[in-house]
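Trainee: A single structure is presented below for examination.
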Amino acid sequence: MSPAGQDIEDCSALLSIISGPDDKDSTCIIKEPFEFNSTGKSKNIRIGFPVNCFSGVDEEIKTAVFAAAKEIETAGASSLEEFEMPLMDYALPVYEIIEAAEAGSNLAKYDGLKFGYRSDNAKTLPDIYRLSRSEGFGYEVKRKIMLGSFVLSAGQYNIYYKKALQVRSMIKDSYKKLFEYFDIIVSPVTSDITASVSLTGLPAVYLPCGFDKKGLPIGLQLIGSAFSENLLINTARIYQTRTNFHKINT
């Protein structure tokens with residue numbers, strides 16, 4: 001889940017509120033809540049523009065996203081360079097496998113006894129398990145549970161899940177190398193690159209940067225290295241002070 005708002009100020013304010021340490025979460029590594037300065041600058045940043053992330057994307061989307069990248073460059077970035085994003089063809093399949101495995105594992109506790117919905121039609125213990133999950137979960141959730149159970153099964157674990165984890169590590173390493181050359185990656189909001197961001201746990205900001213011929217908004221994505229939220233929000237702030245797409249209601 002991510003903050004959503006009318007503009008970057010709404011999102012940064014909400015992120016400041018919900019961020020910080022959580023004594024009940026052993027995986028939390030943030031010791032203090034985020035603080036975002038309303039007058040922050042994003043000068044002399046190096047921008048990367050992944051040209052292969054526009055495969056199959058309408059030309060008007062590429063034009064709008066590139067124009068947004070140029071706008072950020074004009075505002076004070078030191079460079080704007082095109083490059084090929086590694087492993088993009090694998091990001092979405094890997095995401096689907098890992099997401100399904102996590103869904104199948106995490107949702108197993110919703111059995112109608114300890115957690116979750118319990119069917120009123122259940123008469124026996126097997127009925128509780130079967131009907132509660134059948135009635136309580138929608139089609140898409142059931143699909144993910146079935147796929148997740150399959151990729152985690154004894155005969156398929158090494159073929160699918162283990163390999164997906166290995167490719168995720170490769171994608172994470174490729175991002176680490178990219179951020180040695182770039183401070184921010186500017187891309188469209190497409191399923192493959194968005195999946196790669198989710199897989200690697202990197203911060204990203206989604207902004208409107210134009211409208212297509214049907215009047216639908218075009219999305220811009222700013223991706224940063226781990227814990228670069230300040231840089232992303234300051235860059236998004238600068239972009240929104242120079243444009244008004246976020247003020248147009250469709």
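Read-outs throughout are calculated quantities, based only on the coordinates presented, and are distinct from any laboratory measurement. This one's a predicted model, so the numbers in the text were calculated from it and none came from an experiment. Virtual Cβ from ideal backbone geometry, glycine too; neighbours counted across all protein chains shown.
Trainee: So between K114 and S191, what do we pick up on full extension, going 0.36 nm a residue minus the alpha carbon distance?
Mentor: Taking K114 through S191 to full extension adds about 24.2 nm, to one decimal.
Trainee: Give me the one-decimal nm value for the distance between modelled label points at L125 and A154, 7 Å along each residue's Cα-to-Cβ direction.
Mentor: Distance between the two pseudo-spin positions: 2.3 nm.
Trainee: With the Cα gyration tensor of the stretch 53-93 in hand, convert its eigenvalues to equivalent ellipsoid semi-axes via √(5λ) and list them largest first in whole Å.
Mentor: 23, 14, 7
Trainee: Further, regarding this structure: May I ask you to order 205-218, 233-246 by the average number of other C-beta atoms within 10 Å around their residues, highest value first?
Mentor: The peptides rank, most packed first, as 233-246, 205-218.
Trainee: If you find the alpha carbon centre of the stretch 128-150 and of the stretch 3-72, how far apart are they in angstrom?
Mentor: 34 Å
Trainee: Over the stretch 91-163, calculate the relative contact order: mean separation of alpha carbon pairs under 8 Å at least 6 apart, over the residue count, as a percent.
Mentor: 39 percent
Trainee: Scale the Cα Rg of the stretch 91-163 by the rule-of-thumb value 2.2 N^0.38 Å and send over the ratio, two decimals.
Mentor: Working it through for the stretch 91-163, the quotient is 1.22.
Trainee: Now, a different point. Students often get this wrong, so check it: of K43/K247; K24/K144; K142/K172; K62/K214; K114/K144, which have C-alpha atoms separated by over 18 Å?
Mentor: K43/K247; K24/K144; K142/K172; K114/K144
Trainee: A further question on this structure: Relative to the longest principal axis of the C-alpha atoms of the chain, give the angle of the C-alpha long axis of helix 88-106, reported between 0 and 90° and rounded to the nearest 10°.
Mentor: 40 degrees
Trainee: For the chain, give the magnitude of the charge dipole about the Cα centre (Cβ charges: +1 Lys/Arg, -1 Asp/Glu; no others), in debye to the nearest 20.
Mentor: 560 debye
Trainee: Further, regarding this structure: Using only Cα atoms, find the angle between the long axis of helix 59-74 and the longest principal axis of the chain, and express it within 0 to 90 degrees, rounded to the nearest 10.
Mentor: 60 degrees
Trainee: Same structure again: Between F34, V51, V141, whose Cα lies farthest towards the positive end of the dipole of the chain when Lys and Arg beta carbons carry +1 and Asp and Glu beta carbons carry -1, centred on the Cα centre?
Mentor: Of the options given, the answer is V141.
Trainee: Put a dot 7 Å past each Cα toward the Cβ at K177 and S2; how far apart are the dots in nm?
Mentor: Between S2 and K177, the simple spin-label model gives 2.5 nm.
Trainee: Given A64, P93, L15, which one lies farthest toward the positive end of the charge dipole of the stretch 1-128, if we put +1 on the Cβ of every Lys and Arg and -1 on the Cβ of every Asp and Glu?
Mentor: L15
Trainee: Additional query: Return the label of the correct value of Rg/Rh (Cα atoms, Kirkwood Rh), as calculated from the structure shown, out of (i) 1.03; (ii) 0.94; (iii) 1.18.
Mentor: Only one listed value fits the structure, namely (i).
Trainee: Separate question: Using a 7 Å offset from the Cα along the Cα-to-Cβ direction at both N249 and S198, what is the distance between the two label points in nm, to one decimal?
Mentor: For N249 paired with S198, the spin-label model returns 3.0 nm.
Trainee: For the chain, what is the relative contact order in percent, using Cα pairs closer than 8 Å and at least 6 residues apart in sequence?
Mentor: About 23 percent, as a whole number.
Trainee: Please list, in order along the stretch 236-249, the HN-Hα scalar couplings obtained from phi with the Karplus expression 6.51 cos²θ - 1.76 cosθ + 1.60 (θ = phi - 60°), rounded to whole Hz, x for Gly and Pro.
Mentor: Whole-Hz 3J(HN,Hα) from phi for the stretch 236-249: 4, 5, 4, 4, 6, 6, 9, 9, 10, 4, 6, 9, 9, 8.
Trainee: While we're here: With N set to the number of residues, divide the alpha-carbon radius of gyration of the stretch 144-189 by 2.2 N^0.38 Å and report two decimals.
Mentor: This ratio for the stretch 144-189 stands at 1.64.
Trainee: If you place +1 on the Cβ of every Lys and Arg, -1 on the Cβ of every Asp and Glu, and leave all else neutral, what size is the dipole of the stretch 91-163 about its Cα centre, to the nearest 20 Debye?
Mentor: Using only the charged Cβ atoms, the result is roughly 160 debye.
Trainee: To check you understand DSSP bridge types, tell me what percent of the beta bridges within the chain (both residues inside) are antiparallel, rounded to 5.
Mentor: 65 percent
Trainee: Here is a further query. Whats the longest run of the chain with zero GluC sites (Glu not before Pro) that are DSSP loop and have at most 11 other Cβ atoms within 10 Å?
Mentor: The answer is 85-179.
Trainee: Using alpha-carbon pairs under 8 Å, 6+ residues apart, how would you state the relative contact order of the stretch 141-250 in percent?
Mentor: For the stretch 141-250, the relative contact order is 22 percent.
Trainee: Rounded to the nearest 20 Debye, what is the dipole magnitude of the stretch 127-181 about its Cα centre when Lys and Arg each give +1 and Asp and Glu each give -1 at the C-beta?
Mentor: Taking the Cα centre of the stretch 127-181 as origin, the dipole is about 160 debye.
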